[in-house]
Amino acid sequence: MRLAHGVVSSTIAIAGLTIGTPGNAAAQAGVAQAVSFDIPAQALADALVIFGAQSGYQVTVDGAMIRAARASAVRGQMPAPRALSEMLAGSGFTFDISGNVVTIRPLPKASDSATHLAPVLVEGATATAYGPADGYIAYRSATATKTDTPLIEVPASVSIVTSEQIETQQPKTVTQALRYTPGVTSEVAGGQIIADQLIIRGFQQGTGRLLRDGLRSFPSDYLGWDAPEPYGLERIEVLRGASSVLYGASDPGGQINLVTKRAPRAPLYQVQVQGGTHDYSHAAFDIGAPLDDAGVWSYRLTGLMRSNDVQVDKIHNERTFIAPTFTWRPSGATEFTVLTEYQKQTGNFANALPAEGTVLDNPNGRIPRHRYIGEPDFDRSVNEKTSVGYLFEHRFNDVFTVRQNLRYSHVRHSSDELFVLGWADADKRLASRFADSRSGSGDVLAVDNQLQAKFGTGPVDHTLLAGLDYSRVKYSQWQQLGMGAPLDLFTPVYGNTDMMMFPASEYRQTVQQTGLYLQDQLKLDKKWVVLLGGRYDWVRNENTATWASAPVQNDEKFTGRAGLVYLSDTGLAPYISYSESFLPATGRTFDNQVFKPEMGRQYEIGLKYEPPQMNALYTLALFDLTKKNVSTPDPAHPGFNIQEGQTRSRGVELEAKVGLAPNLDVMASYTWNDVKVKRSTEPGIQGNRPVRVPEQMASVWVDYRLPVAGPLAGLRVGGGVRYVGSSYGDRENTFKVPSYTVVDAMLRYEFTPGRGLALSLNASNLFDKQYVASCYSMMGCQYGQGRTMYATMEYAW
């Protein structure tokens, strides 16, 4: 749904009493108009009077029915249905909208007769931090606070890729979905679609650290690559900056939280087929509905099967994905959702090429981007992941809410791969290769217990959150390395699978983390929002390897955060914040001292803007982030490390998501990121820029629906431009990877807008620009994805 523009007047009728101003014809256009609300927590009857006056809707309700009911506070710019949904949360009432009339009625109960049907849902009426957003813009998030909070009240940088953006742009990976997100260097590994590798604010984000519904779900980067299926996601949320106060051990660059599609309150059915470049094909379905008239039980079943080649020769990938979900809502105060998922992926990683022949000159010319450096009869990779979990919430009353979220994941991985090791001849044609064979499995159990209290102390409204979480990550891996036969990278001849393999090794690790946290969101005089939080973690790490058995390592650490936001009447919200992170580091110094955890500290100031009467959100952030206790070689004791390293990241991020008209959406972003190694004992490293980190990035995306009647009414066109600046290709900063700019495009036609049959065409890198995405060494450069085009036919009802 697109927001309509206009001004509406106010009429509200409660128990037969009419209060307000005369109606206005423009009220018919105001269903999702962004309005400025300022409604304190109070009696529901009084709150509805204020809502009618501020929104321009006529509200009808039986006054006796709501006499004892209370309303939650609502403040900020938002569509009126979203404000009403917030106000009624936990009250036991829901609403219907017809034109400019809002009708309040009780939530149905499981014991009600069959004549009490499930709530009639209107787009925007159920906007929360966990469900679908209206278009490209999400106004609420739980990733930054673990509470359902308006983004404008969060003193941190949060970007959200909504379900509509995913559906419109058709990404094949999470990294592709983040192409238009500031502060995130996506697709650093080039045209991979079986793996997610990315960088946030200059720091590598391991796939083992991705969150799924706020919980960790993948055991380790050493067990292959976690590549969640975007088709199974409701939204992708990026919290930039240090965030251990909520999630414990983590990298300082930020967190990525993947929000799973959940069982809907109203029926939805979609089937889809797609075909495209490199023999790509997939078939998918997404179906869900209530299972009874009262809406107590509901389900959702999402699935996809995919088969494709890639731009690199001799690589074929397949994926199977299925995700059943069930929800039980016995009352308006209780909800229990079971989430299950199975994904199996086979295929090979498109491994890196030398810098000489990709970004640097080679006397033999340029190595083609389709060059395969492995052996077809040797290379293989299989990743299999199964997970099951639940999300439980119960509201005792207007004050107390308890939640428990749990997820268990099991991963199996096996692979045989060949990598370029170096040049085997002076002519730089023949590359020596090393072999890597591995197999393993891992388990993750994560549970998060939360108690939330919403109350007031004089002029201050509190949202107090206390939590206790626990996670256990356990995995084992068998690995064997060896040497493969050299390969001519310009005229390759495959078939030599004789490998000189070294003795195998086995590695086992068990990491247990327990965290206790407390957070308070305070709102003073309706204008000031203060965020305070603290957390204490206990981490136990057990490592066993073929060559050694390390002693058990125990770490304890306190991390904190503080932030302040000012909510102005104009929609501007300046903020300032401080946050910390920690990440345990395994190992010991020469004098047998256990390594301390790596620490991150960030200072950030910013400005958010939700203009009144517009569907828009603008964000500006300036940050200074430092990572300390980084391991670096001990110059006095070769073969040992000390923790004297330090990396600093400073930058500016801008993001705009704007509905310029009901049929025109624009997204734009800009990133400037200055990252430096501030301390290192290695010669020639201090003062350098880390590999793969561009200084500047920018993007813009436009989505336009033709405002015409007749056969072209369902036509939609869109496109975007992405710029990624130059980056260094080795730690010594001896060579650079050039900048690149690529163009994307989209064309979609809905035969019946909003439902029925739809055809779409998506193109990425439309003009087929050949570029290198990044390098991490002289033997580690990866080409970016060439032009891909996908045609999709879907039917929704």
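Name the shape class, rounded, prolate or oblate, that the alpha-carbon gyration tensor gives for the range 640-757, where a ≥ b ≥ c are the square roots of its eigenvalues, rounded holds for a/c under 1.5, and otherwise prolate holds if a/b is larger than b/c and oblate otherwise. Intermediate results must be reported in sequence, preceding the final value.
On the way: a/c = 3.99, a/b = 3.36, b/c = 1.19.
It comes out prolate by the Cα gyration axes.
Gain on full extension, evaluated as 0.36 nm per residue between Ser331 and Gln696 minus their Cα-Cα distance, stands at 126.4 nm.
Taking 1 over the mean of 1/r across every pair of different Cα atoms in the range 428-552, what Kirkwood radius in Å do you get?
On the way: mean 1/r = 0.0504 Å⁻¹.
Every distinct Cα pair counted, the radius reaches 19.8 Å.
Local charge for Asp213 was computed over the other residues whose Cβ lies under 10 Å away, with Lys and Arg +1 and Asp and Glu -1, and equals +1. Using a cutoff of 8 angstrom between alpha carbon atoms and counting only pairs six or more residues apart, the relative contact order for the range 140-259 works out to 28 percent.
Take every Cα pair under 8 Å in the chain that's 6+ residues apart, average their separations, divide by the length, and report that relative contact order as a whole percent.
Numbers: 2353 pairs, mean separation 82.6, N = 797.
Here the relative contact order equals 10 percent.
Between Arg366 and Leu430, the C-beta separation translates, for a Förster distance of 22 Å, into a calculated FRET efficiency of about 0.85.
Could you give the length gained by full extension between Gln42 and Leu468, i.e. 0.36 nm per residue of separation minus their alpha carbon distance, to one decimal place?
Details: separation 426, 0.36 × 426 = 153.36 nm, distance 3.12 nm.
Here the segment from Gln42 to Leu468 would lengthen by 150.2 nm.
With semi-axes defined as the square roots of five times the eigenvalues of the C-alpha gyration tensor, the equivalent ellipsoid of the range 472-615 measures 49, 27, 13 Å, largest first.
In µm²/s, what is D for the range 140-259 at 37 °C and 0.692 mPa s, where D = kT/(6 pi eta Rh) by Stokes-Einstein and Rh is the Kirkwood radius from Cα pairs?
Values: Rh = 14.3 Å.
The Stokes-Einstein estimate is 229 µm²/s.
When +1 charges are put on Lys and Arg Cβ atoms and -1 charges on Asp and Glu Cβ atoms, the dipole computed for the chain relative to its Cα centre reaches about 800 debye.
Placing R0 at 35 angstrom, the Cβ-Cβ distance between Asn733 and Phe400 gives a FRET efficiency of 0.05 after rounding to 0.05. Simple rule: put +1 on each Lys or Arg Cβ and -1 on each Asp or Glu Cβ in the range 260-796, find the dipole, and look at Val338, Leu451, Pro633; the Cα lying farthest toward the positive end is Leu451. The mean sequence separation of alpha-carbon pairs under 8 Å and at least six residues apart, normalised by the residue count of the range 267-333, gives a relative contact order of 27 percent.
Computed over neighbours whose Cβ is under 10 Å from that of Val717, the net charge equals +2, Lys and Arg +1, Asp and Glu -1.
For the pair Asp292 and Leu757, a Förster radius of 30 Å applied to the C-beta separation gives a FRET efficiency near 0.50, rounded to the nearest 0.05. Counting Lys and Arg as +1 and Asp and Glu as -1 over every other residue whose Cβ lies under 15 Å from the Cβ of Thr327, the net charge comes to +1.
Could you estimate the translational diffusion coefficient of the chain from the Stokes-Einstein equation, with Rh from the Kirkwood formula over C-alpha pairs, at 10 °C and 1.306 mPa s, in whole µm²/s? Working shown, then result.
Values: Rh = 27.9 Å.
This corresponds to a translational diffusion coefficient of 57 µm²/s.
Under the shape rule built on the C-alpha gyration tensor, where the axes satisfy a ≥ b ≥ c, the range 132-201 is oblate, since a/c reaches at least 1.5 while a/b does not exceed b/c. Helical runs assigned H by DSSP (4 residues or longer) give the chain a calculated mean residue ellipticity at 222 nm of -1000 deg cm²/dmol, each run adding -39500 (n - 2.57) before division by the residue total.
Contour minus end-to-end for Thr544 and Val594, with contour as 0.36 nm per residue of separation and end-to-end as the Cα-Cα distance? Working shown, then result.
Values: separation 50, 0.36 × 50 = 18.00 nm, distance 1.62 nm.
Roughly 16.4 nm would be gained on extension.
Rule-based calculations on the coordinates, nothing more; no lab input. The structure presented is a predicted model; accordingly, all values stated were derived computationally and were not measured. Every residue, glycine as well, gets a Cβ built from its backbone with ideal geometry; the counts of neighbours run over all protein chains shown.
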